[in-house]
1. Rounded, prolate or oblate: pick one for the range 3-237, where a ≥ b ≥ c are the square roots of the eigenvalues of its C-alpha gyration tensor, a/c under 1.5 means rounded, and failing that, prolate if a/b is larger than b/c, else oblate.
2. Place the peptides 33-44, 193-204 in order of packing, highest mean first, counting for every residue the other Cβ atoms within 10 Å and averaging per peptide.
3. Take GLU134 and HIS244, extend 7 Å from each Cα along the Cα→Cβ direction, and tell me the distance between the two endpoints in nm.
4. Between LEU57 and LEU12, what is the FRET efficiency for a Förster distance of 30 Å, r being their Cβ-Cβ separation, to the nearest 0.05?
5. How high is the relative contact order of the chain, given as a whole-number percent (alpha carbon pairs under 8 Å, six or more residues apart)?
6. If you average the sequence gap of Cα pairs under 8 Å that are 6 or more apart and divide by the length of the range 126-218, what percent do you get for the contact order?
7. Please give the calculated 222 nm ellipticity per residue for the chain, where each DSSP H segment of at least 4 residues contributes -39500 (n - 2.57) and the sum is spread over every residue; nearest 500 deg cm²/dmol?
8. What distance in nm separates the simple spin-label points at ALA149 and SER79, each placed 7 Å from Cα in the Cβ direction?
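Bear in mind that the values in this text are calculations on the coordinates, not laboratory data. The shown structure was predicted, so the numbers you read here are calculated from the model rather than taken from an experiment. With ideal geometry, Cβ positions are generated from the backbone for all residues, glycine too; neighbour counts draw on all protein chains shown.
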Amino acid sequence: MPVRRVEHIMGLPISLDLRDGDAELAERAFASLRQADSQFSPFKPDSEVSRLDRGELTREELTPDLVEVLSLCDWYEDSTGGAFTARVPGRGLDPCAVVKGWAVQRAADILREGGASSYCLNAGGDVVTAGEPEPGKPWRVGVRHPDFADQVCVVLGVRDGAVATSALYERGQHILDGRTGQPVTGILSVTVFSDDLAIADTTATAAFALGRDGIEWAASQEDCEVFIVDEDRKVFSSPGLPVHIC
C-alpha cells in the first residue's frame, strides 16, 4: 500500500506520496529533514548556522554538510554578481534559499537508496519525483498562476526530476536583490526543472533575485529548463521543459 505523510518542517508543509516503500523508510526521510532544520535554521539559536553567525565556530570546525551548503551559496552569489546572497544586510547569515532544496533532495536520495522507485516529495510546491504513479503516466506538477490562486499556468509531466518555483504570491516581496537590499521588480514567477532540487530551487531563487536579467541567466544554466512570467505577464519557456499535454 502507498505511504502518504505530511509534516510541517522548515516552516512549510512537506508531503510524501510513496508508492513502493514503507513507513520506516518514510520516517528516515523525514528524520533527515528535521535534522536539517535543526542544523541549518537561522531562527534556531543553537543551530550550526546561528553559532557560525555569532562567531562561535570557525570554518574549519563546520560539518561537511554546512560547508557544502555554504559553497553552493558562494557559487550562486558569484554567478549572479551578488544578486543572490546568503547575507542580506540586516538579516545575518541565512542560507535557507539553498537549504530547502538541498535538504529535500537529500531526503529523496534516502528514499531512492532505500529501494523506493516511485514517489513524490513536495515541500511547499517544490517537488522531487521518481518513477511513475501509474504505469505509463508521469507525476503531474502544476505551476500556480501568479495572479490567480485557483489556476495553473502550466502543468509539467515529471518522472525522475525536480521542479521549484520562486514567486511573490505566497510570501509577498520576500526575495531581495542582494546588491541593493531592495525587493526585486520586473518578474512575477520563476520555475526551474532540473535533475536535482538543490539546483532547481536555488536557480529559481537566484534568477528571481536578478529580476529581468534572471530570464537569460536562468536559461543559460546547465541542466536547467525554465518557465518564467515577467511583470508584464509575458511568458518565457525553454524548449526542453517537460510540459504535460492533458
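1. Judged from the Cα gyration tensor, the range 3-237 comes out oblate (a/c at least 1.5, b/c at or above a/b).
2. Highest-to-lowest ranking by the protection proxy: 193-204, 33-44.
3. A separation of 1.1 nm, rounded to one decimal place.
4. Efficiency, from the Cβ-Cβ distance: 0.65.
5. 16
6. Relative CO of the range 126-218 lands at 26 percent.
7. That comes out to -10000 deg cm²/dmol.
8. Calculated label separation equals 3.3 nm.
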